[in-house]
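The values are calculated or read from the model by the stated rules, or taken from the named source; none is laboratory data. None of these values were measured; they are calculated from a predicted model. Heads up, the Cβs are rebuilt from the backbone with ideal geometry, glycines too, and the neighbour counts pull from every protein chain shown. Accessible surface is based on the protein model in full, side chains and every heavy atom, while ligands, DNA and RNA are left aside. Shrake-Rupley method; radii C 1.70, N 1.55, O 1.52, S 1.80 Å.
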Amino acid sequence: MKTAVIILNYNSENDTIRYVNEIEQYNCINTIVVVDNFSTNKDTMEKLLLLKNEKVHVIQTTKNGGYSYGNNQGLKYLDSLNEKYDYIVISNPDVEVKENVFESCFKELEENEKTAVCTPRMYDFKDNPIRRSSWKIRTPKIDMANSTRLTQILLYKLFKNGEYPAEEFERNSRLKVEAVTGAFFVIRYDVFKKCNFFDENVFLFYEEDILAKQLQK
């Protein structure tokens, strides 16, 4: 089993450095690729390049093409290494993920061939569960209800229909969902490649929903 983590950085080098220093010690991770998405901070690359070693690779894009574009540059870089990876982790740098969480996600994919992607349930810094770890694929009505804080209140029942209730998470240690957060997920590399990775026509937001539809197909 060979694994790689893609971390997209944009003017968040302090978070990225902290995160990489933490996870590069994990034995279950083979390769880490830090992609700087053309940050505007002057000394970003100088700081990030200090992370480089046999396990940690640092690259920079030629433009800020958005979330999908930046992550795809990391995935294409992995392709250029001519090494076969089984599982890819897409991760924001402003998270904290213990090694056993990575291991649990890899184990889920190893043991369940029909599972294409998985994510752990996320918690905030006060250890409260975050409701947007996963959700149901959007419909026009659910999207309308979710568009503003006001519509979330006025169309609350419709808005909540697009989410998985807390009781389901509490009742199930393993919950089948339709879409997972782009902040951290693990995906089968070969399946991701069949989807042509992320859709670069989208600069930011909705990448997860597009990927969910591609995975369904």
Requested in this report: Return the percentage of antiparallel bridges among DSSP beta bridges fully within the chain, rounded to the nearest 5 %.
Outcome: 40
Query raised in the report: Using the alpha-carbon atoms, what tilt in degrees (0 to 90, nearest 10) does helix 13-23 show relative to the longest principal axis of the chain?
Result: 90
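Just subtract the alpha-carbon distance of Asp124 and Gln216 from 0.36 nm times their residue separation and send over the number in nm, one decimal.
Numbers: separation 92, 0.36 × 92 = 33.12 nm, distance 2.95 nm.
Result for the pair: 30.2 nm of gain on full extension.
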Report task. Go through segment 99-111 residue by residue and turn each phi into a ³J(HN,Hα) via Karplus (6.51, -1.76, 1.60, θ = phi - 60°); whole Hz please, and just put x for glycine and proline. Result -> 4, 5, 6, 4, 4, 5, 5, 4, 5, 4, 6, 5, 8
Requested in this report: Keeping the other protein chains in place, figure out the carbon and sulfur percent of the accessible area of the chain, with a 1.4 Å probe.
Outcome: 50
Query raised in the report: Could you give the accessible area per residue of segment 99-166, probe 1.4 Å, as a whole number in Å²?
Result: 66
Requested in this report: Can you tell me how much longer the chain between Asp43 and Asn172 gets when fully stretched, taken as 0.36 nm per residue apart minus their C-alpha distance, in nm with one decimal?
Outcome: 41.9 nm
Query - lysines whose Cα lies under 20 Å from that of Lys126, excluding same-chain neighbours fewer than 8 positions away - result: Lys98
**Report entry** Ellipsoid equivalent to the chain - semi-axes via the Cα gyration tensor, in Å
**Finding:** 29, 20, 17
Query raised in the report: Counting only the heavy atoms of the protein chains, how much of Met1 is accessible to a 1.4 Å probe, in Å² to the nearest 10?
Result: 120
Report summary line: Once amide hydrogens are built 1.01 Å from N within the peptide plane, the residues lying 5 or more places from Asp36 or on another chain with amide H under 5 Å from its amide H are Asn9, Ile59, Gln60, Thr61
Query raised in the report: When only the heavy atoms of the protein chains count and the probe is 1.4 Å, how do Glu170, Glu96, Glu163 rank by accessible area, highest first?
Result: Glu170, Glu96, Glu163
Requested in this report: Mind grabbing the accessible area of Lys193 for me, 1.4 Å probe, Å², rounded to tens?
Outcome: 90
Report task. Would you kindly state how much longer the chain becomes between Thr62 and Asn11 on full extension, computed as 0.36 nm times their sequence separation minus their alpha carbon distance, in nm to one decimal? Result -> 16.9 nm
Report summary line: For segment 51-163, the Kirkwood Rh over every pair of distinct alpha carbons, in Å, works out to 17.6
**Report entry** Under 5 Å, built H, 5+ apart or other chain: amide partners of Met122
**Finding:** Ile130, Ser133
Report task. Rank these by accessible area, largest first, 1.4 Å probe: Glu111, Glu103. Result -> Glu111, Glu103
Report summary line: Taking the dipole of segment 115-209 about the Cα centre (Lys, Arg +1; Asp, Glu -1; charges at Cβ), the one of Leu204, Leu154, Ala183 that reaches farthest to the positive side is Leu154
